[in-house]
1. Report whether or not Lys460 is within 28 Å of Tyr189 (Cβ to Cβ) and basic (Lys, Arg).
2. Of the residues Thr645, Thr617, Thr669, only one is in contact with a Lys or Arg (Cβ under 9 Å, 6 or more places away or on another chain) and either hydroxyl-bearing (Ser, Thr, Tyr) or not in a loop (DSSP other than H, G, I, E, B) (or both); which?
3. Among all residue pairs at least 6 apart or on different chains, which show Cβ distances below 6 Å where the first residue, located in region 530-543, is modelled with pLDDT under 95 and the second is crowded, with 18+ Cβ neighbours inside 10 Å and of a type in the set (Gly, Ala, Ser)?
4. Which one is nearest to the chain's Cα centre (by Cα) among residues in region 578-608 that are among the charged types (D, E, K, R), farther than 18 Å from Ser675 by Cβ and assigned to a helix (DSSP H, G or I)?
5. Restricting attention to region 625-637, does a residue exist that is touching a His at 6+ places or on another chain (Cβ under 9 Å) and under 30 Å from Tyr776 (Cα atoms)?
6. With the requirement that a residue be in contact with a Phe, Trp or Tyr (Cβ under 7 Å, 6 or more places away or on another chain) and either over 17 Å from Pro559 (Cβ atoms) or among the β-branched types (Val, Ile, Thr) (or both), what does region 627-658 give you?
7. Can you name the residue in region 720-734 that is under 18 Å from the mean Cα position of the chain (by Cα) and buried (at least 22 other Cβ atoms within 10 Å of the Cβ) and is also nearest to Ala287 (Cα to Cα) among such residues?
8. Restricting attention to region 153-197, report how many residues are under 15 Å from the mean Cα position of the chain (by Cα) and within 15 Å of Gln301 (Cα to Cα).
Amino acid sequence: MKRVLTLLALLLVVLAAGAGWYVYSKQPTRQGQVELQRLQGSVTVRYDERGVPHIRAENETDLYRALGYVHAQDRLFQMEMMRRLSRGELAEVLGPKLIDTDKLFRSLRIRERAESYVAALDRQSPAWKALQAYLDGINQYQDSHAAPMEFDVLGIHKRAFTAEDSVSVAGYMAYSFAAAFRTEPLLTYVRDQLGSDYLNIFDLDWQPKGVLAKRQSSKAPVLSATDWKDLNAIARLSEQALADNGLPQFEGSNAWVISGTRTQSGKPLLAGDPHIRFSTPSVWYEAQLSAPGFELYGHHQALVPFAFLGHNLDFGWSLTMFQNDDLDLIAEKVNPDNANQVWYHGKWVDLVNTEQQIAVKGQASVTLMLRQSPHGPIINDVLGASVGKTPIAMWWAFLETQNPILEGFYQLNRADTLAKARAAAAKVHAPGLNIVWANAKGDIGWWAAAQLPKRPAGVKPEFILDGSTNQADKEGFYPFSANPQEENPARGYIVSANFQPVSPTGMEIPGYYNLPDRGQQLNRQLSDKSVKWDIDASQKLQLGTTTGYGPRLLAPLLPVLREVVGDPQELMLVEQLAKWKGDYPLNSTSATLFNQFVFNLTDGAFHDKLGDSFFETLLLTRVIDAALPRLAASPDSPWWDNHHTLGKETRADIVKAAWQAAIAHLKTTLGPDPSQWLWGEAHTLTHGHPLGMQKPLDRIFNVGPFEAPGSHEVPNNLSAKIGPAPWPVTYGPSTRRIIDFADPAHGLTINPVGQSGVPFDSHYDDQAEAYIEGVYQEAHFNEEEVTANTRSTLKLLPARVAQ
């Protein structure tokens, strides 16, 4: 027995040692010397206490090659998954369940656009040379090191990263903005299947003076029940493709810039927090880049060498999503005598057919036939061809514009004047972005960057368009000067929060904009002339958990609740809601009750008319946010009547049923005592890793859960979709940055999880608790402070020539 126990103990020691060595072999190397091919000189990489590399090189090409190398050390698996998702290659490593996702992304034609885009790039431009050096650094790391453990688990084989991969990831980013896939089928269904009266609650009206301050649409093509089923399936597939793979999806954002006339320091102050789906690793990779004539502390995305967020001692910028509608869905009219022809500009035109093979793990490849009309790719073939199906084409600005976005961000990384920043912004065509910028000289600016299409007069692109008419035609693009923008406004500040912007020409800019409440809340505080803004005040603004949305939605319902709620204890809860200010601290019980009630109200009003699938799609759109306050204030809306009953329900009936359901659910889920229905216990954040979607791997790869303050559409926008308690947070601030240009060397930042994407690395999750608690970290910039905070140094040296 002793011998057996001894052997077992030795076996366990050997296994533990082997596991330890395996994990150790996958860790980044942040200390010592490494030789790299094609380096012209030595490069020093100093890692600070958060694992952020501070890279100093003798020239820009070496700088970007080094960035690629260190970025790959920390994020190689993220890079691999991003390119596979964007290029429709996930089934090859994740198996048959990802075939439909691959079909969807193949149908978007991102692969083909990436190839034509790269073929047209100027090989002599500094941006191209920087991209090539960066990719070379990634590939040199990959070729010389053990594959990440996720590669081993999934059986991923190494292959070189290319410029086409980088452009494909940019296409994924553009697509992740596109709300049209979820929204246009839904709104068209409501209009055509339920009637125009049901559209009244959706905020489809353009507001000429903006939100900080209706024409009848033509009849769309009649679609069959099969068509509606397919369109809704595509909407759900589109959402699941982005959510189920633990990869970032762009959702919203805050950014503001305040001129020196309104700050304590007398210099501009810049703040920003792009709202992106949470994931492990997080979307941003921080790095300080230093070379003669160039200095930048930037936030980088996988496979892109140029910072999307950044600052130095002279200037800085942040981004929000423009939310302009740059994707149209178009129903084609098919020739009854030839299913491969559609009616276009007065004649039958052949569809273009191409065949692709999708590799699938564990089984034979799948053949995909892609079709394209003159309007764009046919996207509902993803679900298979069937007789009588209406082809739905997609016009998408990413496929149709020149979009020199890489050149634009290369220039923005160097844009120290208004003129340079404006010129860089003009090169961003898709996705639409708001660029909020400031410099130390005192200038501030904002440009809504996108190439906006000219649609025919009267066309409402929030509905599926009729391809047999001129509805889907594009008459070119508006000049950049027509885009919403401001430079050094007299009020002394600019705020961008995804609300509807206004063009200097007054033209409509169709889009799926967020609620105005968040922007209005920020604007109210920034417009207070008695405040001289500083870092501390900006932190409080960025971490704010209050808007007027909740009280605005509740106001017309409170008299109804007082009528239909009879229980004295429950009436006390109604009065508690009446006093609620719309804030979401961890200890709020009103926030919990409000969100559960809103779900049950939404369920009671919409579910029976839309059915299970379209109801779930509705909950994933932005239009539901605007619809609910309008519905609450409309006692005669047809949505109140339940189609599944013989009688006609009223607003009071649905409100009463929703209240009763909400109370019952909260008692079952959180306990019988309403004082224990704490927001922080019901509203939690877990950062999910692609492998963490499977138990028990979630315990190894996921980070969390954490009690989360804030909510949907408050400044600290930690958002969960409308649903029953508990609420898992899905997206929120992907970083929080504040830079006072009186002292830009001490800008503030935070990563929601950690700098590294390598499991068991010390920087894998070392910022997660600080983030959820609203803590900021200093971005080290000056040489003295970088040196003082250096924890390890990696020297990259030119490879010696073999003798």
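The values are calculated or read from the model by the stated rules, or taken from the named source; none is laboratory data. Since this is a predicted model, take the numbers as computed values, not measurements. Methodologically, a virtual Cβ is constructed for each residue, glycine included, from the backbone with ideal geometry; neighbour enumeration extends over all protein chains shown.
1. yes
2. Answer to the check: Thr617.
3. none
4. Checking each candidate, the answer is Asp603.
5. Taking region 625-637 as the starting set, the residues that turn out to be touching a His at 6+ places or on another chain (Cβ under 9 Å) are 625.
Next cut, under 30 Å from Tyr776 (Cα atoms) only: none.
Scanning region 625-637 turns up no residue that is touching a His at 6+ places or on another chain (Cβ under 9 Å) and under 30 Å from Tyr776 (Cα atoms).
6. Result: Ala627, Pro638, Trp639, Glu649, Thr650, Ile654.
7. It comes out as Ser734.
8. Qualifying residue count for the region: 7.
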